[in-house]
C-alpha cells in the first residue's frame, strides 16, 4: 500500500503512529492513503468487523472512520508540541448503504483551523464516488496530558 505523506509533517506522522500499534483504526481495517494538513484519506473494508446485523456498513463504523481522519488531520495542523486534538462533537448523515465485501473511502478536509478548535468535514464514499455518509467533526485543541 502506498501512503502519500506531506513532507512537512513526516516527523509528526511517525510520532503519531509510534504511539500505539493497536487501536480502533487497526481493528476496523483502516488503510491510510493520504496524510496532509489539507486533506486526509483512508479506506475501510465493509466486512464482519464493520457491518451491522443486516449485512451492511454500520453507521458507527463510518463515524469511527470520520472522527479518526478529522482527529489525525487536526493533530497534524497543531504547531505546539505540547498540544493535541480531541473530538468535541461529531454528526453524521448516512445517505447510502454499502454491502459486505466492498470498501469505502473517507476523505476529510478542514473547514476551520483555529488555535483552540478545528472543524473538519468528512465524506465517506464508495469506490465509484457515490456518497455514503457526510460528517462534520469539531475538535478541541488541548494541552497534552503527562504520560
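The residues listed here are 63, 72; of these, the one that is closer than 27 Å to residue 8 by Cα, assigned to a helix (DSSP H, G or I), within 15 Å of the chain's Cα centre (by Cα) and touching a residue at least 24 places away in the same chain (Cβ under 8 Å) is 72.
Quick check: anything in region 99-119 on the phi < 0 side of the Ramachandran plot, in a helix (DSSP H, G or I) and in contact (Cβ under 8 Å) with a residue 12 or more places away in the chain? No: region 99-119 contains no residue that is on the phi < 0 side of the Ramachandran plot, in a helix (DSSP H, G or I) and in contact (Cβ under 8 Å) with a residue 12 or more places away in the chain.
Quick grid of which residues meet (1) touching a helix residue (DSSP H, G or I) at 6+ places or on another chain (Cβ under 9 Å); (2) surrounded by 22 or more Cβ atoms within 10 Å (Cβ to Cβ); (3) closer than 16 Å to residue 90 by Cα:
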site: 32; (1), (2), (3): yes, no, no
site: 40; (1), (2), (3): yes, yes, no
site: 48; (1), (2), (3): no, no, no
site: 53; (1), (2), (3): no, no, no
site: 57; (1), (2), (3): no, yes, no
site: 60; (1), (2), (3): no, no, yes
site: 63; (1), (2), (3): no, no, yes
site: 69; (1), (2), (3): no, yes, yes
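Among residues of region 1-45 being assigned to a loop (DSSP other than H, G, I, E, B) and within 24 Å of residue 112 (Cα to Cα), the one that is farthest from the chain's Cα centre (by Cα) is 6. Residues in region 75-98 that are farther than 15 Å from residue 36 by Cβ and outside any strand (DSSP E or B): 79, 80, 81, 82, 95, 96, 97, 98.
Here, each number is a calculation from the coordinates, and none is a lab measurement. These numbers were taken from a predicted model, which means no experiment stands behind them. Quick reminder, even Gly has a Cβ in these numbers, built from the backbone with ideal geometry, and neighbours come from all protein chains shown.
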